[in-house]
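Rule-based calculations on the coordinates, nothing more; no lab input. The structure displayed is predicted, hence computed values, not measured ones. So basically every Cβ, Gly included, is an ideal-geometry build from the backbone, and we count neighbours across all protein chains shown.
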Amino acid sequence: MELIQLTNLRKVYSIGGLTIEALAGVSLDIGAQEFVAIMGPSGSGKSTLMHILGCLDSPTSGRYMFKGKDVSSLRSDDLAAVRNQDMGFVFQAYNLLPQMSALENVMLPLSYATKPVRDGRRKAEGLLEHVGLKDRMKNRPVELSGGEQQRVAIARSLMMDPSIILADEPTGNLNSKGAREVIDILKALHEEGKTIIYVTHDDNIGAQAERVIRIRDGLVVADEGD
Amino acid sequence: MDLRDSYKNATRSIVGARMRSFLTMLGIIIGIAAVILLMAVGEGSKRNILAQIQGSGSGNLYLTPGAQSSILSGRNSTTRDTGAKITMDDLKAIEARVTYPIVVSPANTIGITVKRGNTTMVGSGIFGTETYFGVNNLTIESGRPIVASDVSNRTRNVVIGANVMSTLFADVSPIGELIRINGMSFKVVGVTASKGQSLFGNSDNAVILPLTVGEKSFGMQHDRISLTTIKSVNPDDSGAVVNQITSILERKHGKVDFSVLDQKALTNLFSSTLSIFTALLAALGGLSLVVGGIGIMNIMLVSVSERTREIGIRKALGARERDILAQFLIESSLLSGIGGIIGVVFSVLVANLIIQRFLPTYVTMSSVLLAVGFSIAVGIFFGVYPARKAARLRPVEALRYE
């Protein structure tokens, strides 16, 4: 059984009387342990697709089966539980809470855990160590470089042992060194057996994935594996 | 979300914006202080007056002209033009017909100017009889009281209060000395011991003159007694004495154009009036608490829009609507709760260290609980709208917010 099955997924926005079809009928399957890049020009609908995959948004129509369960029509609290348990997010702008230390940021998902996590603090420390930030745990985001912040965000995304890591332009704000580090970590996580989906418009970054899905005008225009 | 984490988060964001939090709390602090201090003053004066009633002598009854007791409207009231009056003849009838042992003490009071040499003071002139002292628990410090012959002979002998003596007679003994009251000459025959403020004024600032002098020299209306104190020698009889006086005067006047209050009726009269007064004061204070609450709502709305992105991040990490709701409600109730506690400490200190010097104050536990409870309720009530607004943000939109 596939991890993700999308059937004819549509997302329509109306802004000031103007209707915009961000997704015009997307069908695709993504299996467990895949390493997928979603690519496309800006406005192509790739971010909308990412948001729906991450249960941050709901489709207007169509069906989204996640782990064999239809999540397209779940209530907001149930979606929150899915995000907490199964989705690890990495954002372009890192999205760390500025008032908290790196360690507290990594531990934040525990606050909303629906099932107890043992030794959460030790686990968070281990994750930070894993992304090479052992000595930066007490630092706040402003005291970290962009690359370091994104590594904290990756550690946070792993906190609840999610089924998928969803990364939205994870290297978009980074210099080439930081971008390489982040991609290397994502690759390493994939090799450990994680499912990773990331959005990018950068061909070089996209080429790192094993499978590239190209989106244009709300439709899948190419889906190529290695 | 764990409750301890929630409080930690809320404290962090309150401390993170210290100045803003303080200014927001200031609204609550002032509101709480207003409630507690106004209630303390209300309660203080209530207790003070009730204590004076208790101290005014048990078994005392107060007879005033007019169906509504004029005691509350001021002790100096001569009867208004209702024609209602109490005369010496009425009092004689009471003395003759009441079957319980009583002492009747008629008195009229006016404001006077007392002068000796170059020293002048303003006080009250009480026109009474030889019974005035016993009925009002006044003791003579030196000299003698007003006696029956002073009243019948209309002598110009007076007894002065302790403050009058210390003001006018700093150096010499006042007994036998002359003073001028409203320009007329009187001889001091006695001084009363200090008694302080009582229900019907401060006898320390008073000069007691023979009742009959009032009419002759001070232009008071003929044969009208504004306040008669009747002491029931056995306090247990006072209820029965009230009934007898009522029926005697009702038959004599043909209607009830007077009022007789015993200590219990007086206590009830005052405490119900004063309770309304205290409640009004509390409501005034409550208004400022509501204003403080609006301040909290305002700042929470600012906080929600400033932290839209944070809300988006928390939602992405699995926060449910109720988690976000709780986060902002805890923050607003913590703001108002801390403000409330500061307000309580502040107002208890102010009440006991400062206002106490000028006004009788009494901080009741119930006013403190009321104020703190109300402030937390205000924090929750005015926090709900911003918190719901935050909780209902859609995660995608919140994350997109710059």
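Over chain B, what lengths in whole Å, largest first, do the semi-axes of the equivalent ellipsoid take, defined as the square roots of 5 times the eigenvalues of the alpha-carbon gyration tensor? Don't jump to the answer; show the numbers that get you there.
Numbers: eigenvalues 832, 114, 48 Å².
Sorted largest first and rounded, they come to 64, 24, 16 Å.
The mean of 1/r over all distinct Cα pairs in chain A, once inverted, gives the Kirkwood hydrodynamic radius of 17.9 Å.
Pair-distance distribution P(r) for the protein assembly as shown, from all Cα-Cα distances in 20 Å bins starting at 0: 16, 29, 17, 13, 17, 8, 0 percent. Across chain A, Cα pairs under 8 Å and at least six residues apart give a relative contact order of 29 percent.
Ordering of A:116-124, B:260-268 by packing is B:260-268, A:116-124, highest average first (other Cβ atoms within 10 Å, averaged per residue). DSSP beta bridges confined to the protein assembly as shown are antiparallel in about 70 percent of cases. Holding the Cα-Cα limit at 22 Å, pick out from B:K92/B:K252; A:K69/A:K187; A:K115/B:K315 the pairs that are longer than that. The answer is A:K69/A:K187.
The length gained on full extension between B:N202 and B:R180, counted as 0.36 nm times the residue separation minus their Cα-Cα distance, comes to 5.9 nm.
Computed over chain B, the per-residue total of -39500 (n - 2.57) for DSSP H runs of n ≥ 4 gives a 222 nm mean residue ellipticity of -18500 deg cm²/dmol, rounded to 500. DSSP beta bridges confined to region B:85-256 are antiparallel in about 75 percent of cases. With Cα atoms defining each centre, region A:136-181 and region A:121-135 are spaced 12 Å apart in the structure. Mean sequence separation of contacting Cα pairs (under 8 Å, at least six apart), scaled by the length of chain B, corresponds to a relative contact order of 30 percent.
Pairs from the table (A:K177/B:K8; A:K11/B:K389; B:K195/B:K264; A:K11/A:K177; A:K134/B:K8) lying more than 30 angstrom apart at Cα are A:K177/B:K8; A:K11/A:K177. Using the alpha-carbon centroid of each, what span in Å lies between region B:373-402 and region B:240-293? If you average the Cα positions of each part, the centres end up 48 Å apart. Averaged over the residues of peptide B:19-32, the number of Cβ atoms from other protein chains lying within 10 Å of each residue's Cβ is 0.
Note on B:252-259: average number of Cβ atoms from other chains within 10 Å of each residue's Cβ is 0. Relative to its residue count, region B:85-256 spans a Cα convex hull of 114 Å³ per residue.
Rounded to the nearest 5, what is the percent of antiparallel bridges among the DSSP beta bridges in chain B?
Details: 37 of 46 bridges.
Counting only bridges with both partners in chain B, antiparallel ones make up about 80 percent.
The orientation-averaged projected area of the convex hull spanned by the Cα atoms of region A:97-208 comes to 7.0 nm².
Can you pull the mean other chain C-beta count within 10 Å for peptide A:79-89? Please list the in-between numbers first.
On the way: counts 4, 12, 2, 1, 7, 6, 1, 1, 3, 2, 4.
Partner Cβ neighbours, averaged per residue: 4.
Put in order of Cβ neighbour count within 10 Å, fewest first, the listed residues B:I175, A:I196 become B:I175, A:I196.
Taking packing as the residue-averaged number of other Cβ atoms within 10 angstrom, the listed peptides A:39-52, B:106-119, B:35-48 run from highest to lowest as B:35-48, A:39-52, B:106-119. Its Cα centre serving as origin, chain A has a Cβ charge dipole (Lys and Arg +1, Asp and Glu -1) of approximately 600 debye.
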